[in-house]
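I have placed the structure first, in the form of structure tokens, so that the comments after it can refer back to it.
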Amino acid sequence: MPNALSGLLAALLLATPCLADSPVGVRTLAADSGDDPRRLSLSVWYPAEGGGTVEEVGGNAVFLGQPAHRDAAMAPGQHPLVLLSHGGLRSAADSGAWLSGRLAENGFVVVEVNGPRPDSAAGAVDEIWRRPQDVSRALDRVLQDPTLSAMVDPARIAVAGHALGGTAALALGGGRFDADAFVSACTAETDGPDCGWFRAQGVALAEVDRGMLDRAHRDPRIGTAIAIDPEYADVFRAPSLTEQGTKIRVIWLGAPEHPHIAEAGVAQTVIGTATTYDAFPACTPKGTFILAEDGGDATLCDTEAAARASIHDDIAQHIRTPLDQ
């Protein structure tokens, strides 16, 4: 029994994120504009001087949270800004806290953009163009805040995203959607993400607002766009991904480089030891069992916590590098 208990304690220590030597602060900011019903909540992560109350952000019974000092004093000086849109259609708020914390530890201000989760497939079909708009609204809000805007280096503003958030990052970097390609993304031959969910509710991608999808969503204030396993990579017009001058990078987790992205001449990186599930937080010791009991996908927790933490470090490094140049 003592050996078993020691092993369990060691596993828990490896799975629990630690606060960095340099304090990381977090605060919440609303980004409402007039009578717009699409309410955004922004989690702002930043280098801190101290103070605040330590809490874990983004955790639940399945996933570990990221520790930070709530409402700590902000460190002086200007810092690079990363706007983060993490996850797919139904991702939980602050699911990218692990990445926000790592970047803030290294001197970045990070704003994770938490939009409303669609409660039906019919309400989700327009998310592909709404996500980029959410990020631009979040940037408006940050730059209008006297305290936050003073912390931001306007020459180093970036967007990063995973899954549908990665799609948003590509659009904000100048990528233009091909509406015909998008509405065909759930054909039997080329099933895209969430196609089963759309079909089960009788919703076709053709119901998308094509006028909004066809619009340019590039935000010229953003100099770098980094997409992690972006969804719908095939629905961008390839030349548009490089013709606006924004630095665009794509990170693939385990998957090979994407031929359509390569055709556009976009820089790609493959983390061969990872899977797309490694963009989720590290799992709690009971995460696998909870998912299995609830009918969820238990393979979300297949990667051991220490290995996933190492992959998270790699992803953060690949995001920091172009902004340090």
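The values are calculated or read from the model by the stated rules, or taken from the named source; none is laboratory data. Because the structure is a prediction, the values reported are computed rather than measured. No Cβ is skipped: glycine too gets one built from the backbone with ideal geometry, and neighbour counts run over all protein chains shown. Accessible surface areas use protein heavy atoms only, side chains included; no ligands, DNA or RNA. Shrake-Rupley method; radii C 1.70, N 1.55, O 1.52, S 1.80 Å.
Tabulated values for the structure
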| read-out | value |
| --- | --- |
| Nearest-10 value in Å² for the accessible area of Glu207, using the 1.4 Å probe | 100 Å² |
| Accessible surface, the chain, averaged per residue in Å² (probe 1.4 Å) | 43 Å² |
| For the chain, size of Cβ-based charge dipole, Lys and Arg +1, Asp and Glu -1, in debye | 560 debye |
| Principal axes of the range 200-300: Cα extent on each, largest first, Å | 48, 37, 27 |
| By accessible area with a 1.4 Å probe, ligands and nucleic acids excluded, highest first: order of Arg141, Arg308, Arg199, Arg131 | Arg199, Arg141, Arg131, Arg308 |
| Within the accessible area of the range 193-240 (1.4 Å probe), percent carbon and sulfur | 51 percent |
| Nearest-10 value in Å² for the accessible area of Thr53, using the 1.4 Å probe | 90 Å² |
| Residue-span extension gain [Asp324 to Arg221] - 0.36 nm each, minus C-alpha spacing | 35.3 nm |
| Cα Rg, Dmax, the range 56-126, angstrom units | 14.2, 45 |
| Total charge dipole magnitude, the range 181-325, about the Cα centre, Cβ charges on Lys, Arg, Asp, Glu only, Debye to nearest 20 | 540 debye |
| Percentage of interatomic Cα-Cα distances in the range 24-88 larger than 18 Å | 49 percent |
| Principal axis dimensions, the range 131-247 - Cα atoms, whole angstrom, descending | 50, 30, 26 |
| By accessible area with a 1.4 Å probe, ligands and nucleic acids excluded, highest first: order of Lys247, Lys286 | Lys286, Lys247 |
| Paired Rg and Dmax values of the chain, which use every Cα atom, in angstrom | 19.4, 65 |
| Inter-probe distance in nm under a simple model that places probes 7 Å from Cα toward Cβ, at Asp180 and Arg237 | 1.2 nm |
| Where the Cα pairs of the range 255-301 fall when distances are cut into 10 Å bins, in % | 23, 34, 22, 18, 2 |
| Order by protection proxy (mean Cβ within 10 Å, highest first), peptides 101-107, 56-62 | 101-107, 56-62 |
| Label-reachable residues, the range 195-209, where backbone N falls under 13 Å from a point 7 Å from Arg38's Cα toward its Cβ | 209 |
| Rounded Å value of the spacing that divides the Cα centres of the range 140-170 and the range 66-112 | 11 Å |
